[in-house]
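The structure under discussion appears below in the form of structure tokens.
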Amino acid sequence: MDLGATGRARRGSRLALALGGCLAACTPMPPAGPDGGTPGDGGPSDGGPVACAGVFDVPIGDGCVRGSEARPGVGAWLGIPYAQVPERFAPPEEAPPIVGRFDARQPAPACPQGETFGHAPELQDEACLTLDVYAPPADPTTARPVMVFIHGGSFAFGTSRWYPGAGLASGGAVVVSIQYRLGFLGFLAHPALTAEQGSSSNYALLDQIAALRWVRRHIAAFGGDPDNVTIFGESAGGISVCTLLAVPEAAGLFHRAIVQSGGCWTYRSRAKAPGERCSPQALAGAWNSVSMECLGEAVADALGCGQSADVLGCLRSLPAQAFVNPPGLPTDPGLGEGVYFGPVAGGHALPEPVQTRLLQRPLGSLDVDLMMGTTANESRLFFWPAGPGLESRADFERWAAWVAPGCGPAFAARYGGTETDPAALLDPFFTLLDDGVYVCPTRAWLEVLWYRQVRPERRAYLYQFTHVVPAGRVPVGGADFPLLAYHSSEVPLVLGSFPEPATTPTECPAAQGPCCVRRDPEDWWCCEQGGQGPCYGPAEARVAEAMQAAWLGFATAADPGFPEWDPVERRDQRFGDPPAAGADLRGPWCDAWDRYWQRGECPPSP
């Protein structure tokens, strides 16, 4: 079986599932307000100091940011620049002060990206370093906790528009959803860039830091407390959160961190190694085993700039879409295929691998509260709808070797016993990937970071999302497996971005089209994506309420309402319907992975 080929059939609506069905329908699209001109011009409507007299006008410096009502009791301010329009492949610079009235009632363009799994934002531009703010009315007596969300998407796709925070903000927080550069535009390195800047790559990481600096300077105007900032993110956003724990430039910009289905590692270095062959032809199928400078040279060659006397000038003159899928360098983010993006060791802001910096932190040096967790069935989404293509026991063992090099047969035996029937190996296959890629690494990193926290002032928590939303309950796309509690399925529940329930078919929002499905004889519930996305009912509303209360409690006072984690009792929280306390999540299975990672020890035969 070709591991790289398994993702090529995974197209269609997988992005809708990965986003919990939350695409354009989730984004507030307010009409023009009084004396505000036409929304969406992305800039001030007049010059000079202005009075901020509207209900959703927020003064920033000599300017005024005009927002709108996202839902009853919550305002939204969309597309606010936190940095200047960046020079391509250069660190971001602080945005100029707002002068006059800035119209923040429409989303900003997404950062350039391709059509991924059949979807792409319609409006894209490199002028995308913006953020969205969602907040209840400011309370002059109490500053609210601030929650900054970093979206996922394999560092290759995504936009703040897909992750509105009004639902979460209605619980009493100021929620900020940020955008950052993606793909090669966010991570390219090249020897010429390094010569120009002293380093290269990690522009996306610098964007995230710039957004946090903007929050530090301006969030008080929206009623937020700049001294109580929680960063949280899922998937690539979770990796970003853990990376920011290791970045000196981010110190002091946040005080709590939530890692959702993300890891704490870098797998690629910046500097080109002696002898690396870097043409697109030489790298075919090996894009992820070379340095980012080598990959950057391949990109330059693929785009016709490699032999230019001014390679950077050539690269900067090309249209942004040229970098989305350069010839011979596929960037489709499936397991085992295409170019992977992520923080680069030795690039800007990250002189060493994330794992090195975190492991070398002195004990008691991490002054941040932590919450980390996963979904119960992370890996299934990545093989939807075609399935993993297991045709034999050998296929199962090859995947085990991919997850655990050097111990593949041993882990295959631990999870699959002596089974040879591919159908019977399907559940063990997914459990192997869930444990080895998500669940057990999360527990391991929480333990590492727990020892480095300032104790007892700082706290650590572990959770798992176990609830199965309706889209995860049935076999889909002809594949013989349900998605269950799949990767990212918790995000709409945390953000509160799923549709409001309806009691009759006619109550579904007209803008969403024919979106109702009958959940039981008594109730109808809205379903996004024209009836094809996840559907949400009373159970989802209950789980969402519990998760939002936990996230808000953690952001407010480092208290999500369930016991702290420690390496002895290993207590955790399982978010199902109803939520329940747990302990020793995947205990003996994760213990075996710990021994493998720490000592290279293969598990004994079962």
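Bear in mind these aren't lab numbers, they're just calculated from the coordinates by the rules spelled out. Computed from a predicted model, the values in this text were never measured in an experiment. Here the Cβ is made from the backbone with ideal geometry for all residues, glycine too, and neighbour counts use every protein chain on show.
Data overview
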| read-out | value |
| --- | --- |
| Surrounding net charge for Ala282, when Lys and Arg each add one and Asp and Glu each subtract one, Cβ distance under 11 Å | -2 |
| Segment 142-213: radius of gyration and largest Cα-Cα distance (Dmax), Å | 15.4, 50 |
| Alpha carbon centroid spacing (whole Å) that separates segment 85-121 from segment 424-447 | 36 |
| Ratio Rg/Rh [Cα only; Rh per Kirkwood] for segment 269-338 | 0.96 |
| Cα-based shape type of segment 363-456, given that a ≥ b ≥ c are square roots of the gyration tensor eigenvalues and the cut on a/c is 1.5 | prolate |
